[in-house]
Structure formats: structure tokens, C-alpha cells
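Below is one structure, written out as C-alpha cells, with a few remarks after it.
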There are 2 protein chains.
Amino acid sequence: MKLQIAKASLLEGIQIVSRAVPSKTTMPILECILIDASGLDIRLIANDMELGIQTLVPGMILEKGIVAIDAQIFANIVRKLPDADVTLTVTGEKVQINCQKARFNIPGHDGSDFVYLPAVERKEEIRITQYSLREMINRTIFSISGNETSGMMTGELMEIRGNTMRIVALDGHRIAIRNVELNESYEDRKAIIPGKALNEISKILSGDTEKMVSIFFTDRHVLFSFEDTIVVSRLMEGEYYRIDRMLSTSYVTRFSVQRKELLSCIDRATLLVKEEDKKPVILMITDETVELKINTAMGSLDEVIEITKEGPDLNIGFNPRFLIDALRATDDDEITLYLVSAKAPCFIRDEAGRYCYLVLPVNFITID
Amino acid sequence: MKLQIAKASLLEGIQIVSRAVPSKTTMPILECILIDASGLDIRLIANDMELGIQTLVPGMILEKGIVAIDAQIFANIVRKLPDADVTLTVTGEKVQINCQKARFNIPGHDGSDFVYLPAVERKEEIRITQYSLREMINRTIFSISGNETSGMMTGELMEIRGNTMRIVALDGHRIAIRNVELNESYEDRKAIIPGKALNEISKILSGDTEKMVSIFFTDRHVLFSFEDTIVVSRLMEGEYYRIDRMLSTSYVTRFSVQRKELLSCIDRATLLVKEEDKKPVILMITDETVELKINTAMGSLDEVIEITKEGPDLNIGFNPRFLIDALRATDDDEITLYLVSAKAPCFIRDEAGRYCYLVLPVNFITID
């Protein structure tokens, strides 16, 4: 095999597919990137069996072939090459990487053990902009559970209803929901996609509002196709939580507040909270102000913020981390919190229904 | 005690003195910053018994007093305050920090246990620009030994001879020397300053070519005074290595090379070297080129660079790390390496005598 590829293109390709290279595996071949130049184009592929990524790299095939190269070494070498054309020459299991006067020799592996991406039939295409998909993921993914044993909570629900796409993430203490209107209507469909796959895909998406992503579902897989890249992820099996019954639009008290002001105040409060202790931040909501209080072994903080309120006064406690995550997930200058009681969930949502963040309160002992 | 200080000034002061706060100590009071406002100015002080830093902070003393506050908590809180005036109020051992509508309460400590900086008599002042002192440190400090048991190798020699200051660092495998001309002549003097102190001071120095540092030595301490800050470090006891006998100006082969080209080539070679294995990079020096080779379990690299050479051909091996450090420590576009044999030290030095980096070669088995 002999290929000639511009360094920048090769590096970009390696960086894209590397997101599917597992850090630990019992199958060493999966720690490799497969270069498949057996056809008319140069494909880089990586696959950790849950998530697979394939991308095309522009370049010249001087001699066809296939080789697998350790992803880490390959990425490190290419990153440090001069910005010029790179020639890859494979002889048996030896890979020579030439770039200007530098000549690297590293071992290659026979590609025959490598697991290609599963075949996903491309029918019933759903289209969304790269920007929207990335935002939907980034603004919900923090609410999935990081605990690998918590099953479906480690994934996100992606649901299509007519011309709306909804993404839901929850971890038992909070729910994050984002809705976006699509340009066309589609048949209803839903699937649970592993959080890891969504996380990686959100890092590859360009965030361009003009460029589109095509999404295809089968019973067991989802395929995202955009530009020269395809990402295939397994779906999680089972029925997702019935969240609609948890979402209520009725409230007793609601208040509007400058988002950044509330955010930096809660952010300050977290200074006094150590990882392990679960001290809540208390919001004492009165007519024109909310007083935030936190009291830990390290000290206490007390701060007053102006608000616009409707309904009776209320004292309520939250895990400050959860409020911060929800507040960071919107760009609105002013946000509105909807509350029922000190023991009922708090909702942060906009009137247009683009987002809804539910945070469960934390019990707290009355403070003076 | 009651003080009013602009947030930015307070934060800057805390960040300066925090460099002398030990991360681990058997004396908890040393993990504090002392705020001494018992006189006419507001002083922040930290001291780990080897290194002490004191800085003045502009502000208003509404009520005099002294308090010690945990450095970490204090820094974290002040960093996150709004950019406005901060009021510190100490009542007994309670510290209240007010800034706009935020009110923090944290514990304070009685300052009576705190160890102030040792008194250093300010005579025989030596003056150097902040820029020069910082450069002298940054461009030699990588050559000290990181192993705390290696005694004087963990420090740097600072030597004044007439109007020249010389700084020397060595770790048994290499020597780094920087010379700078001072504006005046001083009495000869030398001292060994702990590397840690120099590292910290280099981070506080502004790098301004107009602002000066005053240096004062006693038998046991060195004091650096600049702007509103004083840094006092213990000196290391003993006689420094007699390096002059190790420095020779005779050579057999010398070659000049584009520094950045050589640097990025050796940098690429290190990709193939794991921390633990000590594979040398081999330089095969011929009339118009040097060929760099490295060969490890991960693979091999071979690269050719153009040079201008005098003297016979030579093959020599180096720890690539040491060459990289020395090459990064100068700004010259072209540098010259002076060599005697494959077993003798290599010198990288300039004609003006501003710098001299000595690197010992590594034995290597002849490679094809």
C-alpha cells in the first residue's frame, strides 16, 4: 500500500476517528485505526464495538491496500510532522511514514481482524443542522448518569414527533429536555442512544448552521452521516422512563431572574462545598428578592438577588451543581423558575418550549 | 479589624504570596495567609520556612488588626467575587468578606503563631531588571535536579563578579549557564539558592525591562525586593561544584544549524521514547548534514538536516530531552554545537558568552 495525504487532512481524519478508539480493551486490534485504501477512496475507521466512526480522507492512492496502525502512536507522529505531504508506505507489516526529510518506521497490523462498522440501511432519513444537533446534545448531556451501572440513565432519549425532535436526559435527580423544530415532518420514532456516543459525536460536529446531518435508525443502531464522516452507535435496549407524567405545567410560585447573576452567585456558593458533602444552597424567595444561603464546615455565604415574583414566598434547597448545570445550558438573559413547594420539583423553562430543566429539591433543616 | 480593598488588588496580592504557601505541612498556620494591618499599610504574608513572600496591597484600613486565613479558601472566594470593593471584617476569629450583595463568613486564625519573614539587612544592594532576572532563571532552571535528595543540585548558583551576574544549574548530566551584564559593578559574591524559590520568584516577576529588582544577600538568606513585594529565601549551605574545570573552549568538530529545525526534529524523535526507556537520539554528523536516528520498541525515525560543519565527521548519542531543553532555552535562529568526541560533553554556546549549555552524551551501540 502506498498513499499520499496532506498532513492536515490526515491529522483531521485521525482526530475524528480516534474518538471511537477505546482506551482499554481486550482486543488490541480495536486500539488501531484501520486505513482502508482497497477501493477508490481512503477511509479511516475506528470501532470500539459500541461506537464506530469512519471518515474519508482526501489523498492519492499510489498502491491499494489495507493496514491497521496503533491509533495513539499514529496520532502522535502525524501531529508532529511538518505541514507538508505525508507518504504512507506499507510493506508486509511495516509502515513507513515519510514527510519531507523525516522518515518514521512503525509496526502495522494486518487489517483482517478489524471489525468494520455494522451495515445500517439508509432509509427514512432524518435531517437536522449540525449546529442544532450539537446544541441539543451539549445542553442535555450533563444530566445523564455517570454511573455505568445505572442502565438507561447513561443514555439519552431521542424522539421524533412530526417535525419536532426532542432529546431527554435524566439521572434520577433532574431531567433535561430540549426540543427543536425540523424543516420537515417525519414518521414518529424514538431510540435511546448511549451518552458516550452522543458526547463523541458532539465533538466532531462542526456547529455549522448550514451543514446538515442525516440520521438513520434501525432497531439496533443509529447512524449519523455528515460531510465525509459516518458515526454508528448501538442503541440501548428497553423502554425509556415515562417522563411526561413527571412534567407538570402547574405552579404556585414563579420568579424571573437575571441568569448570569444567579449563576455566579451559586457558583460562589460552591466554593464552600467539598465534593463529598452534600450541602444544599437554600433559596429564600420573597417578593422582590431571593436570598441565597449556604452553610458548610468551611464557612457560610449569604447573598441577595433581585427578582420578579408571582405567588407566595417559598424557601427551597438545591444541590448547587444541578442548578449551575441547568443555568449554563441556556443563553437567555432572563430565565424563569417555576415552583410548587419545598418538596416538589422546580422547573426552569422558556415560553416557547425549547427547553425544560427539572431539578429535584433537597431537604434542608430550617435555617435562621 | 476592618479593611476595604479592591477585588483585583486583593486577588493579585493573594496570588503573589500564595506561592510561598506549602501544600503539605505539619504546621497548619503556614497554610494561611497572614493579613497584617496593624500599621499604616496592608501586608499579606505567606511563609513555608524556606521561602517567604510579603506584598503590600493598596486599600483602606478602617480598623487595624491582624488575622490569618486559610490561603486556599481565601483565594477561591476572592477569585469568584464580583469586580468591586471587598470589605474584610474580623471579629474574634470570624472573618466576614463582603462584596456587593455577597457576604461570606469563614473562620480566621489568631496571627500570633505565624512566622514572619526573617529580617535581612539591606546593604550592598545588587540591581537587575525584572526581565533579566526572570530570563536567567527560566533559561537555566530546567537543568537542576528534581530529586530532593540530590542536595546542591536542587539549587542554582548565583554569582556576581564585577558587573556580571552568572547563574548555573546542573544535574549531573548537563549544565546550564547564563551570564548577564549589570549596569554597575559590585563586590564579588556567590550563593546557592533553592530551585523552588527561584521557580516561584520567576513567576511573580513581571518581565518588565524597565522595572528593577534589588537583591540583598546575608550569610543565610537572599532577599529579592521589587515593586511592593519582598521574597526571602534561605540559602543552601556548602560549596557549589567547581564547574569551571568542566568547561572547555577547545573542540574538534563544530556545526551550526537552524535551531527550530533541529528542535522539531528531536521533538518528533521523542514520540517514540517512553518515559522509562532511555533510548538516545543518534546524531550522525557529516559535512553538510546531520542525520538523526532513533530506534525504539515503538518504531524508528530517521531525518536529515542541513548544517554548516568544521572538523571531522562524528556520531554521537544524546538523551533527546536534554537537547530539547537546551534548544528551547535560547532564541537564536542559528545555534552552534561544539564537540570533541562521542564520549565528551557537547557544548551549545554563543560567541558573546551569554549562554553555555553542556550536555553529556549517551553511549550507544553502533547502528547501521
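In table form, for the structure just shown:
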| read-out | value |
| --- | --- |
| Selected residue (only one of B:Leu292, B:Leu283 is assigned to a strand (DSSP E or B) and within 12 Å of chain A (Cβ to nearest Cβ)) | B:Leu292 |
| Complete set of residues in segment B:300-325 that are among the acidic types (Asp, Glu) and either surrounded by fewer than 19 Cβ atoms within 10 Å (Cβ to Cβ) or more than 9 Å from chain A (Cβ to nearest Cβ) (or both) | B:Glu306, B:Glu310, B:Asp313, B:Asp325 |
| Pair list, Cβ under 7 Å, 6 or more apart: segment A:342-354 residue in the same structural domain as A:Ala326 (by TED's automatic domain parsing), other residue of a type in the set (Asp, Glu) | A:Asp350/A:Asp332 |
| Among the candidates B:Ala297, B:Ala269, residue that is of a type in the set (Gly, Ala, Ser), in contact with a helix residue (DSSP H, G or I) (Cβ under 9 Å, 6 or more places away or on another chain) and facing chain A (nearest Cβ under 10 Å) | B:Ala269 |
| Where B:Ile77 falls short, out of the listed (1) of a type in the set (A, V, I, L, M); (2) away from chain A (no Cβ under 14 Å); (3) surrounded by 17 or more Cβ atoms within 10 Å (Cβ to Cβ) | (2) |
| Candidates A:Asp48, A:Asp85, filtered to the one that is acidic (Asp, Glu) and within 31 Å of the chain's Cα centre (by Cα) | A:Asp48 |
| Yes/no for A:Gly172 being away from chain B (no Cβ under 14 Å), free of Cβ contacts under 8 Å to residues at least 40 places away in the same chain and either assigned to a loop (DSSP other than H, G, I, E, B) or touching a helix residue (DSSP H, G or I) at 6+ places or on another chain (Cβ under 6 Å) (or both) | yes |
| Residue selected from segment B:95-119 under the condition under 29 Å from A:Cys265 (Cα atoms) and of a type in the set (A, V, I, L, M, F, W, C), by the criterion surrounded by the most Cβ atoms within 10 Å (Cβ to Cβ) | B:Phe104 |
| Qualifying position, being farther than 15 Å from B:Ser112 by Cα and surrounded by 24 or more Cβ atoms within 10 Å (Cβ to Cβ), among B:Ile14, B:Ile61, B:Ile69 | B:Ile14 |
| Checklist (1) within 14 Å of chain A (Cβ to nearest Cβ); (2) in contact with a Leu (Cβ under 6 Å, 6 or more places away or on another chain) applied to B:Val17, failing item | (1) |
| Residue in segment A:33-50 that is surrounded by 21 or more Cβ atoms within 10 Å (Cβ to Cβ), part of a strand (DSSP E or B) and within 14 Å of chain B (Cβ to nearest Cβ) present | no |
| Exclusive hit being on the phi < 0 side of the Ramachandran plot and out of contact with any Lys or Arg (no Cβ under 9 Å at 6 or more places or on another chain), set B:Val281, B:Val232, B:Val290, B:Val273 | B:Val232 |
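For every residue, the table says whether it meets (1) at pLDDT below 95; (2) outside any strand (DSSP E or B); (3) out of contact with any Asp or Glu (no Cβ under 9 Å at 6 or more places or on another chain); (4) surrounded by fewer than 17 Cβ atoms within 10 Å (Cβ to Cβ).
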site	(1), (2), (3), (4)
A:Asn147	yes, yes, no, yes
A:Met152	yes, yes, no, no
A:Met158	no, no, yes, no
A:Asn163	no, no, no, yes
A:Ile167	no, no, no, no
A:Arg178	no, no, no, no
A:Ser185	no, no, yes, yes
A:Ile201	no, yes, yes, no
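The values are calculated or read from the model by the stated rules, or taken from the named source; none is laboratory data. Only a predicted model underlies this, so the values are computations on that prediction, with no experimental measurement involved. Methodologically, a virtual Cβ is constructed for each residue, glycine included, from the backbone with ideal geometry; neighbour enumeration extends over all protein chains shown.
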